[in-house]
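The structure appears below as structure tokens.
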Amino acid sequence: MYGYKNTQFCPVQHRKSIGENIRAARVGKGWTQEMLAVRAKMNSDYLSTLERGLVNVSVDKLMTISKALRVPFSALVKGLD
């Protein structure tokens, strides 16, 4: 897929990892997707697609989410290296 032979480096897996990290941080705070969406000033449907790894996310959006969650940016991208 995308010319990658090892799925460990597949962009789809990166999106899924970021989504899992967002979800883990959100759930760890006891927040619903709607609560995070309000705090991050974004649509809850969009947040849902991010958490499921269905769409790419910009650095700007990740920064917004990390600030809303009050977690380091690095917590949302951990495990990508």
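Using the Cα centre as the reference, give the magnitude of the dipole from point charges on the C-beta atoms of segment 8-76 (Lys, Arg: +1; Asp, Glu: -1; all else neutral), rounded to the nearest 20 debye.
Using only the charged Cβ atoms, the result is roughly 160 debye.
Fully extended, how many nm does the chain gain between VAL55 and LYS67 (0.36 nm per residue separation, minus their Cα-Cα distance)?
2.3 nm
Pop out the ³J(HN,Hα) list for segment 30-35 in order, Karplus 6.51 cos²θ - 1.76 cosθ + 1.60 with θ = phi - 60°, rounded to Hz; leave Gly and Pro as x.
x, 9, 7, 4, 4, 4
Mind listing the long-range amide H neighbours of GLY53? Cut-off is under 5 Å, sequence gap 5 or more, other chains count too, H placed in the peptide plane at 1.01 Å from N.
GLY19
Rounded to the nearest angstrom and ordered from largest down, what semi-axes does the equivalent ellipsoid of the chain get from its C-alpha gyration tensor (root of 5λ)?
Each semi-axis is the square root of five times an eigenvalue, giving 23, 13, 10 Å.
Through the Karplus equation 6.51 cos²θ - 1.76 cosθ + 1.60, θ set to phi - 60°, convert the phi angles of segment 47-62 into ³J(HN,Hα) values in whole Hz; use x for Gly and Pro.
4, 4, 5, 5, 5, 8, x, 8, 9, 6, 10, 7, 4, 4, 5, 4
Most mobile of GLU34, GLU51, GLU20 per a Gaussian network model of the chain (Cα springs, under 10 Å)?
Checking each option, the largest mean-square fluctuation is seen for GLU34.
Treating cross-link reach as a plain straight distance, find the lysines whose alpha-carbon is under 29 Å from the alpha-carbon of LYS29, omitting any fewer than eight places away in the same chain.
LYS16, LYS41, LYS61, LYS67, LYS78
Rounded to the nearest 10 degrees, what's the angle between the helix 11-28 long axis and the longest principal axis of the chain, both from Cα atoms, 0 to 90?
Once rounded, the angle reads 30 degrees.
Quick one: LEU69, LEU47, LEU80, fewest Cβ neighbours within 10 Å first, how do they rank?
Ranked by crowding around the Cβ, least crowded first: LEU80, LEU69, LEU47.
Every number here is computed from the coordinates shown, using simple stated rules; none is lab data. Every value quoted in this text rests on a predicted model; they were computed, and no experiment measured them. In this analysis, Cβ positions are derived from the backbone assuming ideal geometry, glycine residues included, and neighbour counts consider all displayed protein chains.
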